[in-house]
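Presented below is the structure to which this report refers.
The values are calculated or read from the model by the stated rules, or taken from the named source; none is laboratory data. Every value quoted in this text rests on a predicted model; they were computed, and no experiment measured them. Cβ placement follows ideal geometry from the backbone for every residue including glycine, while neighbour counts extend to all protein chains displayed. Heads up: the accessible areas ignore ligands, DNA and RNA and are worked out on the full protein's heavy atoms, side chains in. Shrake-Rupley method; radii C 1.70, N 1.55, O 1.52, S 1.80 Å.
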Amino acid sequence: MSDLVRFGISLDKHLSDKFDKQIKKKGYANRSEAIRDLIRNNFVQQQWEDQDEVAGAVTIIFDHHKRELQSKITDIQHDFHGIIMASQHIHLDHNNCLEIIAVKGRAKEVKRLSDLLSAIKGVKHGTLNMSTTGEGIL
Ligand code: NI
């Protein structure tokens, strides 16, 4: 077994309380186990980002009533046509639209597309799910 290293972490109370609540909900035995998982996930994420080619989906939720928003979102997607395989627009409810954009390409480019879309004013939430065919790591 590898050597154990102990270190302390300073957090403000609000953040610490939230973290404790979350790890309890997820069923971790203690903070150490939860933090180890966070660190491992971070390494996996980093490994994905270093991959030449990833596949995944960008998901955005935005305000249907802001008319200029849809055209901005479309403009950006045209700039990235080389990595976008398909997209689907769902009229979520009276006010909100959901768009799911399937992507395949260099991780950095996929990330850039996701960042640009998420940063548009009026886009309420954006997520990027990056996956990989696993060559070399899975
Ligand atoms: Ni819509």
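Below are the figures for this structure:
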| item | result |
| --- | --- |
| Given charges at beta-carbon only (K, R positive; D, E negative), |dipole| of the chain in Debye | 580 debye |
| Full-extension gain in nm, Thr127 to Ile100, via 0.36 nm per residue minus C-alpha separation | 8.7 nm |
| Additional length obtainable on full extension of the chain from Asn42 to Gln88, 0.36 nm per residue less Cα span | 13.6 nm |
| Neighbour net charge for Phe19 - beta-carbon separation under 14 angstrom, K R +1, D E -1 | +3 |
| More than 26 angstrom apart: percent of Cα pairs within the chain | 45 percent |
| FRET efficiency for Asp3 and Glu49, using Cβ-Cβ distance with R0 set to 30 Å, rounded to 0.05 | 0.60 |
| Where Asp93, Asp63 fall by accessible area, highest first, once all protein chains stay in place (1.4 Å) | Asp93, Asp63 |
| Rounded to whole Hz, the Karplus (6.51, -1.76, 1.60) HN-Hα couplings of the range 110-121, x for glycine and proline | 4, 5, 4, 4, 4, 5, 5, 5, 5, 7, 5, 5 |
| Charge sum, other residues only, whose C-beta stays under 10 Å from Asp63's C-beta, Lys/Arg counted +1 and Asp/Glu -1 | +4 |
| Positive minus negative residues near Leu38 (Lys, Arg vs Asp, Glu; Cβ under 12 Å) | +2 |
| Charge dipole (debye, nearest 20) of the range 74-138; +1 at Cβ of Lys and Arg, -1 at Cβ of Asp and Glu | 180 debye |
| Sequence ranges 109-115, 20-26, ranked by mean other-Cβ count within 10 angstrom, highest first | 109-115, 20-26 |
| Among Ala107, Ala34, Ala55: highest mean-square fluctuation, GNM of the chain, C-alpha pairs under 10 Å | Ala34 |
| Highest-MSF residue in the chain out of Ala29, Ala102, Ala119 [GNM, Cα springs under 10 Å] | Ala29 |
| Accessible-area ranking of Met130, Met85, largest first, probe 1.4 Å | Met85, Met130 |
| Candidates Ile35, Ile83, Ile61, ranked by Gaussian network fluctuation over the chain, Cα under 10 Å, top entry | Ile35 |
| Count of lysine pairs in the chain with Cα separation under 23 Å (8 or more residues apart, or interchain) | 17 |
